[in-house]
Amino acid sequence: MPLGADSEVGRLRTVMLHRPGPELGRLTPRNNDQLLFDGIPWLGRAQDEHDAFAQALRDHDVEVLYLTDLLTQTLAIEAARDEIIASTLKGLFVGPSIQSLIGAKLADADPSQLAETLMAGLRNDEIRLDGSVAHHLMQPEDFLINPLPNLLFTRDSSVWLRDRVAVTSLAMPARVRETQLTGLIYRHHERFVGTPVVHGPHLEHLEGGDVLELSPGVIAVGIGERTTPAGLERFAQQVLADGLAHTVLAVPIAQERATMHLDTIVTMVDVDTVVIYPTMSDTLRSVPLTWDPSTGPGGKVVIGAETSFFDGAAAAMGIDTLHQIDTGLDPVTAEREQWDDGNNTLAINARLAVAYERNEQTNARLEDHGIEVVTISGDQLGSGRGGPRCMSCPIDRD
Ligand SMILES: NC(=O)NCCC[C@H](N)C(=O)O
């Protein structure tokens, strides 16, 4: 059976997660802002929380694939190794002597050591290089290869669209290298060989957390701190021209950390129902983009009339109403729970979703509306500002 996903709530069959590892141990009070974490997570506890998340999915018959395993298996393939070593070296600006030393170190590493270095990075005090000016003058803790602690959020670096996968173009410098790894896995790993890859890294910015597959053929894309209007344009053109969607809804969101992706504000919990940050539900707008095959060389994007997000989504989905679960929360509780990813749920199936246990009020309202909530602890995982949806890349959904 081919892999793929074209909705947010079809029965989840296979998902890619990343169990946090040594890359999280690279965070310090001096680099955590730049590395996009709001604190210094306790690695062991974060791993325990993540293991419980993975187990909750397995308990519902979801196959969990780990990015580390996929990457290590991929790095056993000669062509993949050569490719990633070349692209990693190309992105380093560490001076010629260190560059060639790192090249030799990466080439000597076995697949699992290489995977670890690519994910956890390399510090200046982890090499020895007599006579190198840069090595001598850099601080011991300076990174020669930056660590990737945000690999935890597998949602953002790739998105499955039907039987294809979009490798995204991440906006923040701390995350750019992530797509070298996901792209490599999709191009070389035997599980994915032959899967067409759309979009691609190093283009206008587009992040998976902004992409919501509202129903087969309807994709909402948030435009804000991460995904740019240009990233949306390129993506919309491609998915509309290729018939992967009949409507792309452009959804402007505030360019703030609290709302860095569309999925920090709204996620789907049923085929016609979302949970949404109440403070924004009245003001969220959308612009429908469709495809006119008769214009231009091969067709062209048609920009429709702006409406409320809910009206635009319902019209595109062909339903009377896209329901919102009214969490009925007072603005302060709503703001607190939105910050802690209360609206960032992962649907295992329609009306069955994983959520952080700490968002008690939001979860209670979901239960009141008949949504079964599987709670997980996210005390440590949440310090990177991402919830169950951010931490999962669905690879196969019914
Ligand atoms: N889809 C998401 O909202 N992902 C969360 C990403 C959190 C990460 N620390 C970041 O700032 O990119």
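The values are calculated or read from the model by the stated rules, or taken from the named source; none is laboratory data. This is a predicted model, so every value here is computed, not measured. Note that each Cβ is placed from the backbone with ideal geometry, even for glycine, and that neighbours are counted across all protein chains shown.
Give just the number: which of (1) within 15 Å of the chain's Cα centre (by Cα); (2) closer than 21 Å to GLY4 by Cα; (3) within 16 Å of the ligand (Cβ to nearest atom); (4) in a strand (DSSP E or B) does GLY222 not satisfy?
Only one criterion is unmet by GLY222, namely (2).
Does ARG175 satisfy being buried (at least 23 other Cβ atoms within 10 Å of the Cβ), touching a residue at least 12 places away in the same chain (Cβ under 8 Å), under 26 Å from LEU27 (Cα atoms) and within 11 Å of the ligand (Cβ to nearest atom)? Quick ask: steps written out before the conclusion?
Values: buried (at least 23 other Cβ atoms within 10 Å of the Cβ): no; touching a residue at least 12 places away in the same chain (Cβ under 8 Å): yes; under 26 Å from LEU27 (Cα atoms): yes; within 11 Å of the ligand (Cβ to nearest atom): yes.
No.
May I ask you to list the residues in the stretch 189-214 that are surrounded by 22 or more Cβ atoms within 10 Å (Cβ to Cβ) and farther than 20 Å from PHE153 by Cβ?
LEU214, the sole residue that qualifies.
Counting only residues that are touching a helix residue (DSSP H, G or I) at 6+ places or on another chain (Cβ under 6 Å) and more than 16 Å from the ligand (Cβ to nearest atom), which one in the stretch 245-259 is farthest from ASP156 (Cα to Cα)?
Residue satisfying both the conditions and the ranking: THR247.
A quick yes/no check of all residues on (1) under 16 Å from the mean Cα position of the chain (by Cα); (2) of a type in the set (Val, Ile, Thr):
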{"site": "LEU122", "(1), (2)": "no, no"}
{"site": "SER132", "(1), (2)": "no, no"}
{"site": "PHE143", "(1), (2)": "no, no"}
{"site": "PRO147", "(1), (2)": "no, no"}
{"site": "THR154", "(1), (2)": "yes, yes"}
{"site": "ALA166", "(1), (2)": "yes, no"}
{"site": "HIS189", "(1), (2)": "no, no"}
{"site": "PRO196", "(1), (2)": "no, no"}
{"site": "LEU203", "(1), (2)": "no, no"}
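Right, HIS199: closer than 27 Å to LEU35 by Cβ and outside the structural domain of LEU262 (by TED's automatic domain parsing) or not?
Details: closer than 27 Å to LEU35 by Cβ: yes; outside the structural domain of LEU262 (by TED's automatic domain parsing): no.
No.
Given (1) assigned by TED's automatic domain parsing to the domain that holds GLY386; (2) charged (D, E, K, R); (3) assigned to a helix (DSSP H, G or I), identify the lone condition not met by ASP33.
Only one criterion is unmet by ASP33, namely (3).
Here's the yes/no breakdown for (1) without any contact (Cβ under 8 Å) to a residue 40 or more places away in the chain; (2) part of a loop (DSSP other than H, G, I, E, B); (3) over 22 Å from LEU244 (Cα atoms):
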| position | (1), (2), (3) |
| --- | --- |
| GLY298 | no, yes, no |
| GLY312 | no, no, no |
| ILE319 | no, yes, no |
| GLU335 | no, no, yes |
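Taking SER157 and the conditions (1) crowded, with 17+ Cβ neighbours inside 10 Å; (2) small (Gly, Ala, Ser); (3) outside the structural domain of VAL248 (by TED's automatic domain parsing), which numbered condition does it fall short on, given that it satisfies the others?
Against the list (1) crowded, with 17+ Cβ neighbours inside 10 Å; (2) small (Gly, Ala, Ser); (3) outside the structural domain of VAL248 (by TED's automatic domain parsing), SER157 comes up short only on (3).
Could you tell me whether the stretch 370-378 includes any residue that is acidic (Asp, Glu), under 19 Å from THR273 (Cα atoms) and away from the ligand (no atom under 16 Å from the Cβ)? Can you show your working first?
Of all residues in the stretch 370-378, those acidic (Asp, Glu) come to 372.
Narrowing further to those that are under 19 Å from THR273 (Cα atoms): 372.
From what is left, the residues that are away from the ligand (no atom under 16 Å from the Cβ) are 372.
Looking for residues that are acidic (Asp, Glu), under 19 Å from THR273 (Cα atoms) and away from the ligand (no atom under 16 Å from the Cβ), one finds at least one in the stretch 370-378, hence yes.
Can you tell me which residue within the stretch 335-352, out of those that are within 16 Å of the ligand (Cβ to nearest atom) and within 18 Å of ARG397 (Cβ to Cβ), is surrounded by the fewest Cβ atoms within 10 Å (Cβ to Cβ)? Full working, then the answer.
Step one: list which residues in the stretch 335-352 are within 16 Å of the ligand (Cβ to nearest atom), which gives 337-347.
Those still in the list that are within 18 Å of ARG397 (Cβ to Cβ) too: 344-347.
Details: ASN344: 30, THR345: 29, LEU346: 28, ALA347: 25.
Looking at the filtered set, the residue picked out is ALA347.
Hey, any hits in the stretch 226-244 for a residue that's touching a helix residue (DSSP H, G or I) at 6+ places or on another chain (Cβ under 7 Å), closer than 24 Å to ASP163 by Cβ and within 16 Å of the ligand (Cβ to nearest atom)?
Going residue by residue through the stretch 226-244, those that are touching a helix residue (DSSP H, G or I) at 6+ places or on another chain (Cβ under 7 Å) are 226-227.
With closer than 24 Å to ASP163 by Cβ added as a condition, the list becomes 227.
Remaining after also requiring within 16 Å of the ligand (Cβ to nearest atom): 227.
Scanning the stretch 226-244, I find at least one residue that is touching a helix residue (DSSP H, G or I) at 6+ places or on another chain (Cβ under 7 Å), closer than 24 Å to ASP163 by Cβ and within 16 Å of the ligand (Cβ to nearest atom), so the answer is yes.
Could you list, in sequence order, all residues of the stretch 260-291 that are assigned to a helix (DSSP H, G or I), within 16 Å of the ligand (Cβ to nearest atom) and surrounded by 22 or more Cβ atoms within 10 Å (Cβ to Cβ)? Give the steps one after another, and end with the answer.
Kept after step one, since they are assigned to a helix (DSSP H, G or I), are these residues of the stretch 260-291: 262-264, 278-281.
Next, only the ones that are within 16 Å of the ligand (Cβ to nearest atom) stay: 262-264, 280.
Within the stretch 260-291, LEU262, ASP263, THR264 meet the criteria.
What number goes with the only condition from (1) modelled with pLDDT of 95 or more; (2) in a loop (DSSP other than H, G, I, E, B) that LEU329 does not pass?
So the condition that LEU329 fails would be (1).
Taking LEU181 and the conditions (1) within 25 Å of ASP82 (Cβ to Cβ); (2) in a strand (DSSP E or B); (3) within 16 Å of the ligand (Cβ to nearest atom), which numbered condition does it fall short on, given that it satisfies the others?
All conditions pass for LEU181, except number (2).
Somewhere in the stretch 311-333, is a residue surrounded by fewer than 22 Cβ atoms within 10 Å (Cβ to Cβ) and either within 30 Å of TRP42 (Cα to Cα) or under 18 Å from the mean Cα position of the chain (by Cα) (or both)?
Within the stretch 311-333, the first condition is being surrounded by fewer than 22 Cβ atoms within 10 Å (Cβ to Cβ), and the residues that meet it are 311, 314-315, 317-321, 323-326, 328-333.
If we keep only those that are either within 30 Å of TRP42 (Cα to Cα) or under 18 Å from the mean Cα position of the chain (by Cα) (or both) too, we end up with 332-333.
Yes, the stretch 311-333 has at least one match.
Considering only residues that are in a loop (DSSP other than H, G, I, E, B) and in contact with a Leu (Cβ under 7 Å, 6 or more places away or on another chain), which ones fall in the stretch 62-91?
Residues of the stretch 62-91 in a loop (DSSP other than H, G, I, E, B): 62, 75-77, 91.
Across the stretch 62-91, the qualifying residues are VAL62, LEU75.
Considering GLY95, GLY44, GLY39, which residue is without any contact (Cβ under 8 Å) to a residue 60 or more places away in the chain, more than 30 Å from VAL133 (Cβ to Cβ) and among the small types (Gly, Ala, Ser)?
GLY44
Collect the residues in the stretch 136-172 that are more than 11 Å from the ligand (Cβ to nearest atom) and in a helix (DSSP H, G or I), keeping them in residue-number order.
Across the stretch 136-172, the qualifying residues are HIS136, LEU137.
Would you please name the residue that is farthest from ALA258 (Cα to Cα), looking only at residues in the stretch 379-398 that are modelled with pLDDT of 95 or more and more than 12 Å from the ligand (Cβ to nearest atom)?
ASP398
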